[in-house]
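Here the structure comes first, spelled out in structure tokens, and everything after it is commentary.
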There are 2 protein chains.
Amino acid sequence: MDQSLTGRELSHGCCSYSTLKAWLPILSWLPQYKLKYLQMDLLAGLTVGMTTVPQALAYAEVAGLPVQYGLYSAFMGGFIYTFLGTSKDVTLGPTAIMSLLCFSVVGGQPHRAVLLSLLCGLIQAVMALLRLGFLLDFVSYPVIKGFTCAAAVTIGFGQVKNILGIQGVPQQFFLEVYYTFYKIPEARVGDVVLGLLCLTLLIILMFMKSSLGSDSAPTCTRAARKLVWAVATMRNALVVIAASLVAFSWEAYGHHVFTITGRTTQGLPPFRPPPTSDTIANGTVVSFGEIVEGFGGGLAVIPFMGLLESIAIAKAFASQNDYRIDANQELLAIGVTNIMGSFVSAYPITGSFGRTAVNSQTGVCTPAGGIITSVIVLLSLAFLMPAFYYIPKASLAAVIICAVAPMVDYHVVVKMWKIYKLDLLPFAVTFLMSFWEVQYGIIGGVAVSGVLLLYRMARPQIKISDHGALLMELNSGLSFPATEYLSHVMHTQALQVSPPRSVVLDCHHVSIIDYTVISELRDLLRQFNLREVQLVFSRLQPSVLKVLLAADLQGLRFTNSVEEALQMELGNLFTDYNQTRQIPVQSCRSNTDE
Amino acid sequence: MDQSLTGRELSHGCCSYSTLKAWLPILSWLPQYKLKYLQMDLLAGLTVGMTTVPQALAYAEVAGLPVQYGLYSAFMGGFIYTFLGTSKDVTLGPTAIMSLLCFSVVGGQPHRAVLLSLLCGLIQAVMALLRLGFLLDFVSYPVIKGFTCAAAVTIGFGQVKNILGIQGVPQQFFLEVYYTFYKIPEARVGDVVLGLLCLTLLIILMFMKSSLGSDSAPTCTRAARKLVWAVATMRNALVVIAASLVAFSWEAYGHHVFTITGRTTQGLPPFRPPPTSDTIANGTVVSFGEIVEGFGGGLAVIPFMGLLESIAIAKAFASQNDYRIDANQELLAIGVTNIMGSFVSAYPITGSFGRTAVNSQTGVCTPAGGIITSVIVLLSLAFLMPAFYYIPKASLAAVIICAVAPMVDYHVVVKMWKIYKLDLLPFAVTFLMSFWEVQYGIIGGVAVSGVLLLYRMARPQIKISDHGALLMELNSGLSFPATEYLSHVMHTQALQVSPPRSVVLDCHHVSIIDYTVISELRDLLRQFNLREVQLVFSRLQPSVLKVLLAADLQGLRFTNSVEEALQMELGNLFTDYNQTRQIPVQSCRSNTDE
């Protein structure tokens, strides 16, 4: 997002109305708001709300927090994003990946999760003000795909223990896999039956919805289609409600066959500053500094991942619905939401893919739909908490598994293999490292793809052909990491063979040349001179030629075309210079005794 | 240093004699050794020895260690390098920069310095076996220059207090500057006079030597020239001996007017494994783990800097004397020297620029000269230590200042300004950060130049011209960090203007295309299609075209020349496709409900 080209800041003063509109996008759409929009926004907000409540409860489970924290985190985004967001579709709130990251950083301690939200928000807001959204350019698709696949597997498998109703399984992925299988004999029949039923129902409804999308069912009447659509869209809420009713009935008769959510704190969260210290079990007070130190690298990864996830979603829907988003403004919206969220006991949030898709498909017209969603969440907090007592954990697990399953996209591996095999390396590194510690995956993947980029720079392809003189064609630019390699090729192919060969270097693709390259070229020219052979540069871009001339290289020769250069080499070496423009050879200064 | 091209491993089995010769370069030159070589090697070894002894004493001072540690570190290199080195000129031993780095990591504690040498050697040996010498490619000249300039200033200024004979000056650079000036009134007259005299003498001798290099003195007889050359070359030893005699005379009469070296441990160092724990002043034992933890980032920086310094020197003299070195083999030689050195109480060493220059100029023929130098150091340790008692610290300070002064090369700033201004940024970052903490400079500089490289990738130059359709010429390759920028330019220039414009993208300089770029292109093609304008690729390289075809992009159009593409755009849009090869547009799959 190089803003310099959009003219956003260029053409207007820093305090003009258009600048204000850029910072508060609501000013752009609110004046044109229509009653028709309100109808659509209301419907979309309601529909998304019905998905948000069960998902928020379930994701709190992933974050290792009491379920009400999911709802605490789910309402601030709708209000803030209405004012600050640049996409009509994006829905902010707790997500599976952020919950997993939050768990891996704070280990399920509510006070710290809330403090993390504050710090994460502050970092994101500062990044937005410094316009650091461009950092996302360095995260390639293979890294994103590798990360989401691994996160989906981690999150999905993490819920298997809830479907089985087993306790005391550790959270580290490999131990979790081991203990989940080890403890299968302890599985509770009630949970297994209910969990599998919920899963089956959710999968059927999901497929019903996707088959609705095509026009292959012309026999359905419009009303029937709408009903199916509504049921399928609210499937999460319906399944959880149904499961809770079943659980309630059994509990009412005194049969404790399901693992249920149990007692939760009722009512709205208090509005208060996030805690800056924490008291652990044995009464020791952990100071702010110690808590922050405990967050460690999480303070870099969580804000960045929040940005990444949200922007990836916003861009996908912007492209589909044909509008543009502003990455830095989106970052600001997430940052402010996290800051304000920390005052109402929220943990870090970001854009949710599933709920954004529901929002878009329901036909939301403006970000105002988020306000309706938030109101529903608040109403649930205020009045429905006693009912949440009976929600079976297995039903929430089913909701999560169905939400993350589509993120495992194995087709992408085939595509990468077909298109650019080297991209499989950052993908694999990200995927595998994510199982070790989820945030390491993204760091490792970005590092590997950066190294591959730099390595490609350090080892440019040089096509060598023999035309009397050697013709070396550089297939890409020439920057400092490539100097050593270029020199190595020149020495092994031309200078250290017997007799030494002249070289024509085709610099057609070189657009920038730096001081290190110049120094190496100076040395190479000296070596060619010593052996009485020539190094001729051909097809130099004007800007590069200018630099070579400014560098005052001794014995620099260049031609406009490769043919001209080869002709010269094949002709009278060292006699017929009128075809080339030559820089006079200056007296050789010796710098040996420095 | 991509070894794959040298055929070193390719054309020979892993245990053949040529492989053995590659690992033990002595096998290449020893069979051809001649008596004439021996004469030259003896002379060079002696001459270098006369420089090594005073410099080793002085550099130990820089490292904050007792002076004998300088000599302990100065003899192992000569023996090892004779067997393992690939350059006839390079002289391994303590250097100013390594001493400074060593001080900044271990703070002048001998036991830890020796342990650091062991670890540093192990890391270098492993790097050599993994053939990691190519890492040096990522250190650009501006970074090297910035670092050496800053190190020279730090080291040189650090000796001013010894010239002034003042005590109790802290070692942190800025505090050092402040306290050195603050304490000027405490300066000792004897030290100042002697220090300035030594400095003057050394500078005069240095200029005498450099004027000898030119042929502007035809009146000198050959013998006189030789005498001047010998005196000038051994100036360090002569000045230190003279100063010591002066100090001895005054001390003998009971006048303590000079700060002298004082009592040192006599004799050869014991051969024993380096200490793996340390006992500090109050008797507490510091464990191996704690010591290593204390080294921190130094364990990465010191081995790397040792490699960097030595290779830079080896390459400079290889180029001058027309032979090739092998970076990985050099790294192995330094690593083994550091490992073995730690058994004789040495601190980390590397190649010394000044002594290598003396070695080369004296006409050394093989690395065997190093053995003679080492013998001289050993003899000094065995017999001369009592005499070292009287060496005035001011004279050693003068030796150091004269050794590092030529490293401050301000011309390089002018050259960078002329050739490639952006290189001044890593130079300045390296230079300034080095004053904060010397190893941060090199890390900061490498990071900044890496970021600049990546940034250049992320923001390729796109030349836009209007020919009816927009012609966009990419000035360099197209890799994943550039996708967002390309998309931004396409949107602002062609898609979001009214009416939308068709674009011809000149991909002539694009040699590799990755999965992320393909994904973005797929999206862009969809956007162009939606707006009923075209995106035509022109002048694709065959490999890139193959990838685009493999990716099965909907609506992909491409032409061989820009003119063809523009003609098509200007002609009948959407009717006359026979000039282009078009991929059939497939049915659009929707992936929205994932």
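The values are calculated or read from the model by the stated rules, or taken from the named source; none is laboratory data. Computed from a prediction, not measured in an experiment: that's the story for all the values here. Neighbour counts are summed over all protein chains in view; Cβ atoms, including those assigned to glycine, are modelled from backbone coordinates with ideal geometry.
Computed values, structure above
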item: Top-ranked residue in the stretch B:372-408 [being among the aliphatic types (A, V, I, L, M), within 14 Å of chain A (Cβ to nearest Cβ) and surrounded by fewer than 21 Cβ atoms within 10 Å (Cβ to Cβ); ranked as farthest from residue A:511 (Cα to Cα)]; result: B:405
item: Filtered residues of the stretch B:495-505 (kept if surrounded by fewer than 23 Cβ atoms within 10 Å (Cβ to Cβ) and in contact with a helix residue (DSSP H, G or I) (Cβ under 7 Å, 6 or more places away or on another chain)); result: B:495, B:500, B:501, B:502
item: Out of A:237, A:252, A:247, A:243, sole residue that is farther than 24 Å from residue A:160 by Cβ and of a type in the set (A, V, I, L, M, F, W, C); result: A:252
item: Some residue of the stretch B:257-264 being assigned to a helix (DSSP H, G or I) and either surrounded by fewer than 19 Cβ atoms within 10 Å (Cβ to Cβ) or of a type in the set (Ser, Thr, Tyr) (or both); result: no
item: Pick from the stretch B:486-511, criterion within 34 Å of the chain's Cα centre (by Cα) and within 7 Å of chain A (Cβ to nearest Cβ), ranking: nearest to residue B:543 (Cα to Cα); result: B:511
item: Every residue from the stretch B:124-143 that is surrounded by fewer than 21 Cβ atoms within 10 Å (Cβ to Cβ) and hydrophobic (A, V, I, L, M, F, W, C); result: B:125, B:126, B:127, B:129, B:130, B:132, B:134, B:135, B:136, B:138
item: Residue tally, condition closer than 16 Å to residue A:544 by Cβ and either modelled with pLDDT under 90 or not small (Gly, Ala, Ser) (or both), over the stretch A:480-509; result: 9
item: Single residue of B:156, B:168 found to be of a type outside the set (Lys, Arg), touching a Phe, Trp or Tyr at 6+ places or on another chain (Cβ under 8 Å), farther than 19 Å from residue B:303 by Cα and more than 11 Å from chain A (Cβ to nearest Cβ); result: B:168
item: Test: residue in the stretch A:470-484 that is more than 23 Å from residue B:316 (Cα to Cα), surrounded by fewer than 18 Cβ atoms within 10 Å (Cβ to Cβ), touching a residue at least 12 places away in the same chain (Cβ under 8 Å) and within 14 Å of chain B (Cβ to nearest Cβ); result: yes
item: Residue match in the stretch A:184-205 (condition: in a helix (DSSP H, G or I), among the acidic types (Asp, Glu) and in contact (Cβ under 8 Å) with a residue 24 or more places away in the chain); result: yes
item: The one condition in (1) within 16 Å of residue A:320 (Cα to Cα); (2) in contact with a strand residue (DSSP E or B) (Cβ under 7 Å, 6 or more places away or on another chain); (3) crowded, with 21+ Cβ neighbours inside 10 Å that residue B:525 fails to fulfil; result: (3)
item: Residues located in the stretch A:436-482, provided they are touching a Ser or Thr at 6+ places or on another chain (Cβ under 7 Å) and acidic (Asp, Glu); result: A:437
item: Subset of the stretch B:458-468 that is crowded, with 18+ Cβ neighbours inside 10 Å and in contact with a strand residue (DSSP E or B) (Cβ under 6 Å, 6 or more places away or on another chain) - its residue that is farthest from residue A:480 (Cα to Cα); result: B:462
item: Test: residue in the stretch A:110-128 that is touching a residue at least 60 places away in the same chain (Cβ under 8 Å) and more than 22 Å from residue A:339 (Cβ to Cβ); result: no
item: Hits in the stretch A:409-468 - residues which are aliphatic (A, V, I, L, M), within 27 Å of residue A:516 (Cα to Cα) and within 8 Å of chain B (Cβ to nearest Cβ); result: A:453, A:454, A:457, A:458
item: Subset tally (residues that are modelled with pLDDT of 90 or more, over 20 Å from residue A:301 (Cβ atoms) and crowded, with 22+ Cβ neighbours inside 10 Å) for the stretch A:422-457; result: 1
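Yes or no, residue by residue, for (1) away from every other protein chain (no Cβ under 14 Å); (2) under 14 Å from the mean Cα position of the chain (by Cα); (3) within 26 Å of residue A:105 (Cα to Cα); (4) among the β-branched types (Val, Ile, Thr):
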{"site": "A:290", "(1), (2), (3), (4)": "yes, no, yes, no"}
{"site": "A:305", "(1), (2), (3), (4)": "yes, yes, yes, no"}
{"site": "A:310", "(1), (2), (3), (4)": "yes, yes, yes, no"}
{"site": "A:319", "(1), (2), (3), (4)": "no, no, no, no"}
{"site": "A:323", "(1), (2), (3), (4)": "no, no, no, no"}
{"site": "A:326", "(1), (2), (3), (4)": "no, no, no, no"}
